[in-house]
Amino acid sequence: MSIPANFDYQNAEEKWYQYWLDQKLFESVPDERKPYTIVIPPPNVTGVLHMGHMLNNTLQDVLIRRARMLGYNACWVPGTDHASIATEAKVVAKLKEEGISKFDLSREEFLKHAWAWTEKHGGIILHQLKKLGASCDWSREAFTMDEARSASVIKVFVDLYKKGHIYRGYRMVNWDPEAKTTISDEEVQHKEVNARLYYLKYKLESGEGHLKVATTRPETIFGDVAVCVNPHDERYKKLIGTRVQVPVVNRWVPIIADEYVDIEFGTGCLKITPAHDINDKEIGERHKLEIIDSLDDEGRLNAHGQHYAGKDRFVVRKEIAREIEALGLMEKIEEYQTSIGTSERTGAVIEPKLSQQWFLRMKELSKPALDAVMHNEVALIPEKFKNTYRHWMENVHDWSISRQLWWGHQIPAWYYADGDQDFVVAETEEEALVLAKEKTGHTGLTAADLSRDPDALDTWFSSWLWPISVFDGIRYPENEEIKYYYPTQDLVTAPEILFFWVARMIIAGYEFRAEKPFSNVYLTGIVRDKQGRKMSKSLGNSPDPIGLMEKYSTDGVRVGMLLTSPAGNDLPFDEELCAQGRNFSNKIWNALRLVKGWTLTDEAPDAAALAAIRWLSQKKQETLASMEESFKSYRLSEALMTLYKFVWDDFCSWYLEAIKPAYQQPLSREVYNTSIDYFEEICLMLHPFMPFISEEIWHTVKKRADGESICVASWPEIKDFDREELKDFEQARTIVNGVRNIRASKNIAQKVALSLYAPSNEALPERYEALVAKLANLEKTILGENPENAVGFTFLAGAYECFVPAGDHVNVEEELNKLQKDLEYQRGFRHSIHKKLENERFVKNAPEAVVAGERKKMADAEAKIQALEARIASMQ
């Protein structure tokens, strides 16, 4: 049959993906088979594919496609996350461009805009995942704010509240002034920055000078309520209990003593601003100090900021420093390096802020999840992340779960009095009204008397339920699907959300289903550029994944990324990797064209072809066994590399060369049929990594019935293999390479037939003589000693010296020089090993296997020296 010169990957990708969808090959329903389940880490609903998604979802697809071929009922659940902060910020920006402020709208009006934005921009990334070949069950597509997931979130909130795990408290939180919401500790990114340390003078009440106080934030002095010193600091003991005057503010505040203060830092005096620092707040609580919050929600000074009211905190920092200098109350300013917290989502500098928020108590809930990972009930791959996980879980803080946003799951709490202290928690307003009547004894209450908490829940509060909620296991804990698919098998995600998401899903699994949500967590590395920088839009170093797939083929990009992506280690991405992947596709395609292009004969196979067939059958089994070990330990990159070498080197470079008929001669039909069978099995092995070309070739090599697909074909069976067969072939391969090297170095044309002397069957296994003769273009092979005084070339094949008579092709003087250099090298090597073995401490203390290895090296060197000496003598 005629095979096109080039693989039309763009047409094939579109054709086969639609075929898979039409045949419903990715869809799964519970049946008698064992399930294999993966839930996708839901990307932001309005997001687009980036290189991290490419890596993560390719790995998931490899796992799910292989599981499908192994006979599991494979189910990969896709979906998206509503991404409260990111999505709301985009909608607010879009409205701003239209001259509309969020706060000019009602909640319902704003949500209409948000849903419209989501419907317009949402789902792009899922379409892009189809381009990647992701074999998700698209009939199961979920969204964290769809009806089932939303109801699950509300139900869980109410349940945890009733159990006493959720509470409302006035706490110091991480405030994002740009998003105007609180964020959790885990969403704060700390950065080292160059700052300034300002030394301010606080006038002593006695009039006898000033107290010098060092601060990095002079703009917060409007919230100062005390100056604190260490009670053991001899410099200030006599001042404790007196007062000082805050610069600019002119407020008199007490000097207090607390052991928290570091005597060695700065001046040993600490200004106390409980509204703007967590440590100051704790000191303030111990000393019953008042709280003055001088900043508004946008990070600007409020009325407490006096003449700076309305100005941004960073603007005020510069201006108030100049004012304090002008007043003569600035001792000095020093350059200072410090760490600041920034918002993961907006990049804004976080402002510690006292606020009424909802919290989830984590200590008790976290224990089963900690034990599960420490006892390997849930395995982290690579295992090095266990220590990070343990540190987080042993030092877990209560989770601030409320956000001052409208896009998200609105907190199901209803207030029934003028203040915000009297409330009930319920799944619906109707239930809330019943509870409010019971709680107040006021039967005349109506829905109009209730007001719902305006805040939304943290996005992670929905995604932590993902492995359960996608099967509706929160609302219907005994439904058929949750009982069949849960717990899932593998989760593929990034280490940076190990606590954000992974740990919380494990917590939820044990809390709501009393079992783990998954068995294994494969933690990918970060995709970086050649300079080691994380890929990002701002740096402009992140290529467009869709563009890469169009240029190099989807299979090529998948292979390129997987070849250098060991679990937990960063991926140094280079576009050349994609070119390598495309070249691999071309190699396979050209091999197909070569085999399909041969004419056939019914004659029996020659000895060389039979030897190659026998060897490749064993090499294939060794490759399958090696890949199995790699898959078991989640070394997917290693599994692919093993297969890559088998296809490129063993199959294309050696096997096809060994069976190739002479020019314009036919190929034995028996050899052809066997080669087609090998091609079919190679396609099966390739399919999880390269789904499109494998499907195309699988359909090309043999006639298939309508509806058949490699997707659901069986993975090749792993059988025992003959290691001696492989060892003998390697010896034969060494001889062929030796002869080829002689041809190349001496410019002996391939068409010139040579003879080969090999000392024994161990040097040249008898069943490979014909194959060696064909691949090395030998006129004959002779077992026995080299002919005396013959002129030619020697080379070592393993421990054996082989000889190729060369006649006019050899320059005796040059060959003697080469042999003499080899002899000198071997003698030097023998001397170094001899010295090591003469060292009694080494022989006595080194492991027995190491000493034995050195002795074998010594024996091999002796044999090589004897062979070289004999060869030199025969040529002189």
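The values are calculated or read from the model by the stated rules, or taken from the named source; none is laboratory data. Not measured: the values here are computed from a predicted model. Reconstructed Cβ throughout: ideal geometry from the backbone, glycine too, with neighbour counts over all protein chains shown. Areas reflect the complete protein model, heavy atoms only, side chains present, ligands, DNA and RNA absent. Shrake-Rupley method; radii C 1.70, N 1.55, O 1.52, S 1.80 Å.
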Within the stretch 112-159, restricting to residues that are open to solvent by 50 Å² or more (accessible area, probe 1.4 Å) and among the small types (Gly, Ala, Ser), the one that is nearest to Arg558 (Cα to Cα) is Ser139
Within the stretch 56-103, residues open to solvent by 30 Å² or more (accessible area, probe 1.4 Å), touching a residue at least 12 places away in the same chain (Cβ under 8 Å), over 24 Å from Leu129 (Cα atoms) and charged (D, E, K, R) come out as Lys94
Going through (1) assigned to a helix (DSSP H, G or I); (2) of a type in the set (S, T, N, Q); (3) open to solvent by 80 Å² or more (accessible area, probe 1.4 Å) one by one, Gln189 fails only at (1)
Out of (1) in contact with a strand residue (DSSP E or B) (Cβ under 8 Å, 6 or more places away or on another chain); (2) at pLDDT 90 or above, the one Leu105 does not meet is (1)
Scanning the stretch 192-205 residue by residue, those in a strand (DSSP E or B) and either touching a Leu at 6+ places or on another chain (Cβ under 9 Å) or surrounded by fewer than 21 Cβ atoms within 10 Å (Cβ to Cβ) (or both) turn out to be Glu192, Val193, Asn194, Ala195, Arg196, Leu197, Tyr199, Leu200, Lys201, Tyr202, Lys203, Leu204
query: Looking at Ala609, is it more than 21 Å from the chain's Cα centre (by Cα), closer than 30 Å to Arg733 by Cα, in contact (Cβ under 8 Å) with a residue 40 or more places away in the chain and not in a helix (DSSP H, G or I)?
result: no
Exactly one of Trp358, Trp399 is under 29 Å from Val193 (Cβ atoms), more than 24 Å from the chain's Cα centre (by Cα) and open to solvent by less than 10 Å² (accessible area, probe 1.4 Å), and that residue is Trp399
Those residues of the stretch 23-69 that are polar (S, T, N, Q) and outside any loop (DSSP other than H, G, I, E, B) come to a total of 6
Across the stretch 804-852, the tally of residues that are out of contact with any helix residue (DSSP H, G or I) (no Cβ under 8 Å at 6 or more places or on another chain) and within 30 Å of Phe793 (Cα to Cα) stands at 14
In the stretch 411-422, anything more than 13 Å from Leu445 (Cβ to Cβ) and buried (at least 21 other Cβ atoms within 10 Å of the Cβ) is listed as Ile411, Pro412, Ala413
When Ile333 is run through (1) at pLDDT 90 or above; (2) assigned to a strand (DSSP E or B); (3) within 19 Å of Ser294 (Cβ to Cβ), the failure sits at (3)
Subset of the stretch 700-721, residues under 36 Å from the mean Cα position of the chain (by Cα) and assigned to a loop (DSSP other than H, G, I, E, B), comes to Gly707, Glu708, Ser709, Ala713, Ser714, Trp715, Pro716, Glu717, Ile718, Lys719, Asp720, Phe721
Quick count over the stretch 206-222, residues being over 20 Å from Ile263 (Cα atoms) and surrounded by 19 or more Cβ atoms within 10 Å (Cβ to Cβ), is 5
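Go through Arg65, Arg107 for me and flag whichever is of a type in the set (Lys, Arg) and farther than 14 Å from Trp406 by Cα.
When all the criteria are applied, what remains is Arg65.
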Cβ pairs under 9 Å, 6+ apart or interchain, first in the stretch 567-587 and within 22 Å of Glu695 (Cβ to Cβ) and in a helix (DSSP H, G or I), second open to solvent by 50 Å² or more (accessible area, probe 1.4 Å) and of a type outside the set (Ser, Thr, Tyr), ordered by first then second residue, are Cys578/Lys551; Arg582/Lys551; Phe584/Trp648; Asn586/Asn6; Lys587/Trp648
Counting only residues that are in a loop (DSSP other than H, G, I, E, B) and without any contact (Cβ under 8 Å) to a residue 60 or more places away in the chain, the stretch 373-397 contains a total of 5
Log entry, pairs with first residue in the stretch 19-45 being farther than 30 Å from Ala494 by Cβ and modelled with pLDDT of 95 or more, second being charged (D, E, K, R) and loosely packed, with under 15 Cβ neighbours inside 10 Å, beta carbons closer than 6 Å, six or more apart or on different chains, reads Pro30/Glu480
Counted residues in the stretch 270-310 being open to solvent by less than 40 Å² (accessible area, probe 1.4 Å) and small (Gly, Ala, Ser) come to 5
Sole miss for Leu327 among (1) surrounded by fewer than 16 Cβ atoms within 10 Å (Cβ to Cβ); (2) at pLDDT below 95; (3) closer than 27 Å to Tyr236 by Cβ; (4) aliphatic (A, V, I, L, M) is condition (2)
Restricting attention to the stretch 330-341, the residues that are within 24 Å of Lys191 (Cα to Cα), open to solvent by less than 70 Å² (accessible area, probe 1.4 Å) and not aromatic (Phe, Trp, Tyr) number exactly 6
Just a yes or no: is a residue in the stretch 466-489 under 28 Å from Val92 (Cα atoms) and polar (S, T, N, Q)?
no
Only unsatisfied item for Lys363, checking (1) within 25 Å of His190 (Cβ to Cβ); (2) crowded, with 19+ Cβ neighbours inside 10 Å, is (2)
**Prompt:** When you look at Lys835, is it under 30 Å from Ala753 (Cβ atoms) and surrounded by fewer than 12 Cβ atoms within 10 Å (Cβ to Cβ), yes or no?
**Reply:** no
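Of all residues being among the β-branched types (Val, Ile, Thr) and either crowded, with 17+ Cβ neighbours inside 10 Å or modelled with pLDDT under 95 (or both) in the stretch 624-678, which is farthest from Ser565 (Cα to Cα)? Just the residue, please.
Looking at residues that are among the β-branched types (Val, Ile, Thr) and either crowded, with 17+ Cβ neighbours inside 10 Å or modelled with pLDDT under 95 (or both), I get Val671.
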Reported set for the stretch 739-768 where residues are at pLDDT 85 or above, surrounded by fewer than 16 Cβ atoms within 10 Å (Cβ to Cβ) and basic (Lys, Arg) is Arg740
Looking across the stretch 69-111 at residues that are out of contact with any Lys or Arg (no Cβ under 6 Å at 6 or more places or on another chain) and of a type in the set (Val, Ile, Thr), the single one that is farthest from Ser184 (Cα to Cα) is Ile100
Being buried (at least 17 other Cβ atoms within 10 Å of the Cβ), at pLDDT below 95 and not acidic (Asp, Glu) narrows Leu405, Leu370, Leu380 down to just Leu405
Sole miss for Thr267 among (1) open to solvent by less than 60 Å² (accessible area, probe 1.4 Å); (2) β-branched (Val, Ile, Thr); (3) at pLDDT 95 or above; (4) more than 43 Å from the chain's Cα centre (by Cα) is condition (3)
Result of the Cβ filter at 8 Å on the stretch 302-327, keeping first residues that are farther than 20 Å from Glu178 by Cβ and of a type in the set (S, T, N, Q) and partners that are at pLDDT 95 or above and part of a helix (DSSP H, G or I), at least 6 apart or interchain, is Gln306/Phe222
